[in-house]
Amino acid sequence: MNAKLLGAAILALASLLATPAWAQDAPEVDRTATGGAQTLEDIMARQEQMNVDESFRSENLGDPANAAEITEPLGTRGGVSDSDTWRAVRYNEADITTQVRGPATDVLIQDGGMPWYKLREGPMITYGGLALLGIIALLAVFYFVRGRIKIDGGPAGTTIERFKAVERFGHWLLAGSFIALGITGLFTLMGRSFLIPVIGHDAFSTLAVGSKWVHNNIAWAFMLGLVMTFVMWVAHNIPNKLDWQWLKKGGGFIGKGHPSAKKFNAGQKIVFWTVMLLGVSVSLSGLSLLFPFEIFMFADTFAFINGILGTDFPTALAPHEEMQLANIWHSIVAFVMMVAIIAHIYIGSVGMEGAFDAMGNGQVDVEWARQHHDLWVAEVEAKQGKGESS
């Protein structure tokens, strides 16, 4: 499965969380007593987010053939009652014209707002928060069980250059902007539930406005860092057979011994591609939110998935639905990235002796380098030997 298809499949599964597309079908309803109009059972089924056959309403938009004479009551309506007109508006069948121009101004009714709001304020906060707390708890347990990964035999006292200044700049640009985006994003998503009871509405209002400004503007630094790190490191992160051996041995985190690796081991490659692929995805959905009703992603994505998998995802989405899906997808991807980055931060700081120096000053202890990236050290020393001999 290629990367595009995998990403599309993940997007489709996540999107199902945002829509009741797989909801239970509502039972057949007898509407003879209402003359074909909706019943209390219809209303209750929709409130339960069951799939209701709406054709009895969506196709009942009035019939010009039934129009009364122009001199009779309602004759000027042309066979269309007020109820017919509003049903046409409800099902986007009305010919709406407005003085205000824009891609969403002619949509008068769009009922996806409440399901979106409930998902955002309920499962998104609950499961996203649990994922963050879960990875922190898991790393804490791992630390107390495994302890800090030490340099076998202690540091050598001599160093080797691990990353150049431009590499460290690109890394910290990406890392720093992501941390800022993560914190301000959590304030925006969870602040009303957790911060208002603590600091009050006025203080939270100032914090929310500031968080929104930081989030919107620091996003450009994140995208620049994403491009820089991809260009600098993609050649070192191509998977190979050596990575499978590294994974089978647990990367040295489980048991004893340290599997061979070049500049980046399999674990670092997983983090790299996770950040690259999800970083592009979260950036695209973020751009869609930064420029509302200008960048539509999901109708085309669903059409692509339908063409590949033969599914029946909706491809005629209202502008508001595009924004709602972009918001939900942006949050899902951000939570997955935060979980991965928290684990990455742990390994690069308290989890492994000598690891932080790689991005701290670019110089790492030679013994640390041989322990974790022995093949890379051999390559560097071979190049240095050739340089000295020439």
* Asked: Does Tyr91 satisfy being aromatic (Phe, Trp, Tyr) and without any contact (Cβ under 8 Å) to a residue 12 or more places away in the chain?
  -> no
* **Cross-chain or 6+ apart pairs with Cβ under 6 Å, the range 303-326 first and more than 16 Å from Leu119 (Cα to Cα) and free of Cβ contacts under 8 Å to residues at least 12 places away in the same chain, then open to solvent by less than 70 Å² (accessible area, probe 1.4 Å) and of a type in the set (A, V, I, L, M, F, W, C)** => Asn306/Phe313
* Is one or more of the residues making up the range 211-218 of a type in the set (S, T, N, Q) and within 30 Å of Trp376 (Cβ to Cβ)? -> no
* To do: Give the residue, chosen from Trp329, Trp244, Trp273, that is assigned to a helix (DSSP H, G or I), surrounded by fewer than 18 Cβ atoms within 10 Å (Cβ to Cβ) and under 17 Å from the mean Cα position of the chain (by Cα).
  => Trp273
* **Close pairs from the range 343-369: first in contact (Cβ under 8 Å) with a residue 12 or more places away in the chain, partner part of a helix (DSSP H, G or I) and among the hydroxyl-bearing types (Ser, Thr, Tyr), Cβ under 8 Å, at least 6 apart** => Tyr346/Tyr143; Val350/Tyr143; Gly351/Tyr143
* Asked: How many of the residues making up the range 101-135 are of a type in the set (A, V, I, L, M) and over 30 Å from Arg87 (Cβ atoms)?
  -> 7
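Per-residue answers, yes or no, for (1) open to solvent by 50 Å² or more (accessible area, probe 1.4 Å); (2) part of a helix (DSSP H, G or I):
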| site | (1), (2) |
| --- | --- |
| Arg87 | yes, yes |
| Ala94 | no, no |
| Leu119 | no, yes |
| Val166 | yes, yes |
| Phe169 | yes, yes |
* To do: Answer yes or no: is there a residue in the range 316-325 that is touching a strand residue (DSSP E or B) at 6+ places or on another chain (Cβ under 9 Å) and either at pLDDT below 90 or assigned to a helix (DSSP H, G or I) (or both).
  => no
* Structure fact -> Of the residues in the range 15-35, those that are at pLDDT 80 or above and surrounded by 10 or more Cβ atoms within 10 Å (Cβ to Cβ) come to Val29, Arg31
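The values are calculated or read from the model by the stated rules, or taken from the named source; none is laboratory data. Small disclaimer: the values here were computed from a predicted structure and weren't measured. Every residue, glycine among them, receives a Cβ derived from its backbone with ideal geometry; neighbour counts consider all protein chains shown. Protein only, heavy atoms only, side chains kept; ligands, DNA and RNA dropped before computing areas. Shrake-Rupley method; radii C 1.70, N 1.55, O 1.52, S 1.80 Å.
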